[in-house]
Amino acid sequence: MEKIEHKSVEVNGLKLHVAEIGNGPKTVLFCHGFPEIWYSWRHQMVAVASAGFRALAPDYRGYGFSDPPPVPEKANYLDFVSDLHALIQCLGIPKVFLVAKDFGVRVAQVFALLHPEKVEGVVTLGAPFTPLGPPLFLQYLPEGFYISRWQEPGRAEADFGRFDPKTVVRRIYILFSRSELPIAGENQEIMDLVDSSMPLPSWFTEKDLEMYGSLYDKSGFRTALKVPYRSLSEEFNISEMKVDVPALLIMGEKDYVINFPGMNDFIRTEQAKECVPQLETKYIPEGSHFVQEQFPDQANELILNFLKQHS
């Protein structure tokens, strides 16, 4: 990623690490998920910059090379949203396109609801905008579902703590690349759903894994377990719940998120438009949850068509 530059920007008393490329008049702000980091947008950043946009991909507070919050266990979604707003204010950027993945979708959704004047359009990958509040699907899944396990203080810490960060990321990438829901047995931990003999996905290299491992060596998982997993019940006190800007949802047909109870119907019917009326949905047939890394050319084409259409 020789063309991508890196800097620290001080916002809200913390230094955020920001990856940047391009100098076009329109800015694309990338919001990563978990276990992702700025690096998960490497293909998209180069593509949008080549198309004449400015690309920014920060690490959230407590992730990657960004400073940790004073008390990671008190971090919340609103902190992340406030940091992103302060970031674009600091850089003198009037409006952005948001491109968000996984739990970054909720970060983008709350940002767009709180700061609609700052948003030109939204692209989400791996998850749609959903009504804010605790996810209803959890009540239909067993205790061993990964989100339920990781919400339990100390459970994931003990599970992850048996391995180095690189191995944790490796196992999560393998696990989340499947179409099956990650559910552990009663006497099993989530990390035990993958073993050392299982290969990485063909599109995720050892070099990629080294990058992720080095980033989580730096940050650890304290903030990452709080946001998103232990902040899913966070209240935002927002009265207007519709994001009324152009929006695109990109889903891999093999994404395990589609198998969350009720999610497939929500995405494929008009229900999803209750949160974002101007929504268009596109599918990548063999795509997994990491569709932007697995099929970067297809994802980039969809993103660029959207950006050009609404610029």
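Points worth noting:
- A protection proxy built from the mean count of other Cβ atoms within 10 Å ranks the segments 297-308, 133-144, most packed first, as 297-308, 133-144.
- Cβ-derived FRET efficiency at R0 22 Å, H6 paired with H85, nearest 0.05: 0.55
- Local electrostatic count, N259, Cβ distance below 14 Å [Lys/Arg +1, Asp/Glu -1]: -1
- For the stretch 113-124, backbone phi angles converted through the Karplus equation (6.51, -1.76, 1.60; θ = phi - 60°) give residue-by-residue couplings of 6, 7, 10, x, 5, 9, 10, 8, x, 9, 10, 10 Hz, Gly and Pro being listed as x.
- Calculated FRET efficiency for the pair E186/S311, C-beta based, R₀ 45 Å, to 0.05: 0.30
- Report note on the peptides 179-185, 40-46: ranked by the mean count of other C-beta atoms within 10 Å, highest first, their order is 40-46, 179-185.
- Overall, the chain carries a charge dipole of about 580 debye about its Cα centre when +1 sits on the Cβ of Lys and Arg and -1 on the Cβ of Asp and Glu, all other atoms neutral.
- As a rough guide to protection, the peptides 13-23, 278-288 ranked by mean Cβ packing within 10 Å, highest first, stand as 13-23, 278-288.
- Where trypsin sites (Lys or Arg not before Pro) fall in DSSP loop in the stretch 131-173, at most 11 other Cβ within 10 Å: R162
- Amide hydrogen proximity for E253: with H placed 1.01 Å from N in the peptide plane, the residues at 5 or more positions away or on another chain lying under 5 Å are I284, E286, G287.
- Close amide H contacts of F145 (hydrogens built in the peptide plane, cut-off under 5 Å, sequence separation of 5 or more or a different chain): A184.
- Taking every DSSP beta bridge that has both ends in the chain, the antiparallel portion is near 35%.
- Its convex hull of Cα atoms gives the chain a direction-averaged projected area, equal to a quarter of the hull surface, of 14.5 nm².
- Taking the fewest neighbouring Cβ atoms within 10 Å as the starting point, the ordered list for S233, S197, S66 is S197, S233, S66.
- Under the Karplus curve 6.51 cos²θ - 1.76 cosθ + 1.60, θ = phi - 60°, whole-Hz ³J(HN,Hα) for the stretch 156-164, x wherever Gly or Pro sits: 5, 4, 5, 5, 5, x, 6, 9, 6
- Counting 0.36 nm for each residue step from Y140 to D265 and taking away their Cα separation leaves a gain of 43.5 nm.
- For q = 0.20, 0.22, 0.24 Å⁻¹, Debye-computed log10 I/I(0) when each Cα of the stretch 198-299 counts as one equal scatterer: -1.23, -1.24, -1.24
- Extension reserve of the R178-K95 stretch, reckoned as 0.36 nm per residue once the Cα distance is removed: 26.3 nm
- The relative contact order of the stretch 5-309, computed from alpha carbon pairs under 8 Å that lie at least 6 residues apart in sequence, is 21 percent.
- Positive minus negative residues near I93 (Lys, Arg vs Asp, Glu; Cβ under 12 Å): +2
- Less than 5 angstrom separates the built amide H of V123 from those of L98, V99, A100, L248, all sequence-distant by 5 or more or on a different chain.
- Whole-percent P(r), the stretch 1-130, all Cα pairs, 5 Å bins from 0: 2, 11, 23, 26, 23, 11, 3, 1.
- Residue among A158, S233, G144 farthest towards the positive dipole end of the chain, charges placed on Cβ: S233
- Couplings 3J(HN,Hα) for the stretch 241-255, derived from phi with the Karplus relation 6.51 cos²θ - 1.76 cosθ + 1.60 (θ = phi - 60°), are 9, 9, 8, 9, 9, x, 9, 10, 10, 10, 10, x, 5, 9, 5 Hz, where x marks Gly and Pro.
- For the stretch 274-290, backbone nitrogen atoms closer than 20 Å to the point 7 Å from S202 Cα along Cα-to-C-beta are found at 284-290.
The numbers here are math on the coordinates, done by the rules we state, and not lab data. Just so it is clear, the structure is predicted and the values come from calculations on it, not from any experiment. Because the Cβ atoms are built from the backbone with ideal geometry, glycine has one as well, and the counts that use them run over all protein chains shown.
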